[in-house]
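The structure under discussion appears below in the form of C-alpha cells.
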Amino acid sequence: MSAKIKSTLKFVTETQTRKEDYKKMNTVLQSLFDNSDSLEFRFPVDYLALGLIDYPNVIKKPMDLTTVKNKINTQSYDTIEDFLDDIQLIWDNCKLYNAQGSWIWKLADKLDKYYKKLIKNYLPMVLVQQTVGKKEKKDDKASKQQDVYIDNFQEEKSSFTAKIKQLTEEQLGSIVEQIRQENPQAFIRLDNKKLQVIVDSISFETLQNYNSQIDNWLIPVKVTNKRNKNN
C-alpha cells in the first residue's frame, strides 16, 4: 500500500492510474467544485490572514480542491487511491482543526458523505475498507437538521456582514468591543488603526444575538425614513 496515504480512508485496492482514469477523477473533482457547499474548501487555508497561528502545528499536510486539480492537470497521481486520499484529507483536516459541531465541521462532514457517494458512482473499481463493529445508521431527520443548521448559519453570516455596514461609528465600535470581549478568537488587530473580525469564528447563537442587537438599532432608522417619505 502506498506510504503517501495519510487520510482516514483505508483502501483495499491500489489502482494504477491510466489516461482514461483521469477523466473519471476529474469528474469527481468537478462535482465537488460545482457543489455550492465547497466554497470554503476550494483554496488553501490562509491561516495567517485568519490568525490561525497554530494551524501548521495541527495540520501536517494541508490540502484543498485547487491543489488536487493542479495535481490532476499534471497527472501527478500514481494511483487513484492517492487522488481520493488527498480529497479525503480536506475533510479530515477541517474536522481535526475545528470543534465538532461547529458550522465548518458540519459542512465538511456533509461534503464527506457526498464525496463517498461520488466514489461509488464514478470510481466503483476502488474498494474502501469498511469499519469493523457497529455500523452507524444515518438518521434522515438528523441529516436534514444539520443541513438546515448550515444554511441558517450562512444566512446569519451574510446578514451580519451586510448590517454592520449600516451602523454608525459608535454602534460599530460597540459591536467590535463585544466581539473582542466575548469572542477574542474572532478578533484580530492588524495594527493600531486596522482590525479584522473573523465571522467564521463566532458561534451561531452569538451571531444571532449580534444580529438581533443590530436590528434593534436599525429599526428606528427605518421607521424614521419611512415617515419622512410619507410626509
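The values are calculated or read from the model by the stated rules, or taken from the named source; none is laboratory data. Worth saying up front: this structure is predicted, and the values here are computed from it rather than measured. So basically every Cβ, Gly included, is an ideal-geometry build from the backbone, and we count neighbours across all protein chains shown.
Which of (1) free of Cβ contacts under 8 Å to residues at least 60 places away in the same chain; (2) surrounded by fewer than 18 Cβ atoms within 10 Å (Cβ to Cβ) is the odd one out, the single condition Asp78 does not satisfy?
Only one criterion in (1) free of Cβ contacts under 8 Å to residues at least 60 places away in the same chain; (2) surrounded by fewer than 18 Cβ atoms within 10 Å (Cβ to Cβ) is unmet by Asp78, namely (1).
Of all residues in the range 6-55, how many are free of Cβ contacts under 8 Å to residues at least 12 places away in the same chain and of a type in the set (Phe, Trp, Tyr)?
1
One residue is enough: does the range 91-98 have a residue meeting the conditions on the phi < 0 side of the Ramachandran plot, in a loop (DSSP other than H, G, I, E, B) and surrounded by fewer than 14 Cβ atoms within 10 Å (Cβ to Cβ)?
No.
For the range 149-170, does any single residue satisfy the condition of being within 30 Å of Lys113 (Cα to Cα) and at pLDDT below 65?
Yes, the range 149-170 has at least one match.
Tell me, which residue of the range 180-196 that is touching a helix residue (DSSP H, G or I) at 6+ places or on another chain (Cβ under 6 Å) and surrounded by 13 or more Cβ atoms within 10 Å (Cβ to Cβ) is modelled with the lowest pLDDT?
Phe187
If you scan the range 7-25, which residues turn out to be under 29 Å from the mean Cα position of the chain (by Cα), within 11 Å of Leu123 (Cα to Cα) and surrounded by 16 or more Cβ atoms within 10 Å (Cβ to Cβ)?
Across the range 7-25, the qualifying residues are Asp21, Tyr22, Lys24, Met25.
Out of all the residues in the range 99-121, which are surrounded by 16 or more Cβ atoms within 10 Å (Cβ to Cβ) and either of a type in the set (Ser, Thr, Tyr) or assigned by TED's automatic domain parsing to the domain that holds Gln208 (or both)?
Ser102, Tyr115
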